[in-house]
Amino acid sequence: MHQAVQRYLAITVLSALAMPVQADQLSGGLHPVLNAGLTFGGDTIATTQYTNGTSEDIKAGGLIQLGGGVLWQATDLPLATQLTVNYHVDDTTASNGNATFDRVPIELAFFYTGVDKWRFGGGARFVQTPKYRSHIDGVSDKALNFKNTTGALVEVGYGFTPHMWVNVRYVSERYKPTTFTNNGVTTDVSGSPSYDGSHVGVNFMYAF
């Protein structure tokens, strides 16, 4: 995985954990939010073989998701709405190349917040610009483009403080290939089977 992505994930989680514990309830109104987490699952898009005999899969449901947006908490009802824009990526890097599957999911979710410290919800995921890319120095440059897709999500969150949650989620979505490019030559692959990007995940979220 890209070192910059790993560092950002670590900084986001550690920053959230370092926030002071607050005794009050999350106030009604609009709150900026940040989230960072790990996801697991989905079909294998490609397998990278290393010279030492090991390999690593690029999964349609992996691996790191980072994002931010806004959360609206109702004042008089145990209801909340959340809208986030995220970056979701699975990648691997070697000394002579790399492979990446990344996309930009926009998530809209609705939550019931009437149980102390818990929230339960679900919503839709609008995935933009999904693309697989691989590069091997002096050998190949490949890219597999997919159609934008819409998925569904369900999520359960536990609040360590009124402002910070850990969430467990399940996402159902599929990716349909459109074009494949190999060393500058592009082929229409829209008739190919789709990839299942469904996955489970765990993330931290902080509301300001």
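The values are calculated or read from the model by the stated rules, or taken from the named source; none is laboratory data. A quick note: this is a predicted structure, and the numbers were derived from the prediction, not measured. Using ideal geometry, Cβ is built from the backbone for each residue, glycine included, and neighbour counts are taken over all protein chains shown. Surface accessibility is based on the protein's heavy atoms, side chains included, excluding ligands, DNA and RNA. Shrake-Rupley method; radii C 1.70, N 1.55, O 1.52, S 1.80 Å.
A few comments on the model shown:
- Being open to solvent by less than 40 Å² (accessible area, probe 1.4 Å), of a type in the set (A, V, I, L, M, F, W, C) and farther than 14 Å from Met205 by Cα is a description that does not apply to Val115.
- Those residues of region 37-79 which are β-branched (Val, Ile, Thr) and in contact with a helix residue (DSSP H, G or I) (Cβ under 9 Å, 6 or more places away or on another chain), in sequence order: Ile64
- Any hit, region 81-97, residues being modelled with pLDDT of 95 or more, polar (S, T, N, Q) and either loosely packed, with under 14 Cβ neighbours inside 10 Å or touching a Lys or Arg at 6+ places or on another chain (Cβ under 8 Å) (or both): no
- Residues of region 41-63 that are touching a Leu at 6+ places or on another chain (Cβ under 8 Å) and within 30 Å of Leu79 (Cβ to Cβ): none at all.
- Hey, Ser190 out of contact with any Phe, Trp or Tyr (no Cβ under 8 Å at 6 or more places or on another chain), crowded, with 18+ Cβ neighbours inside 10 Å and farther than 19 Å from Leu66 by Cβ or not: no
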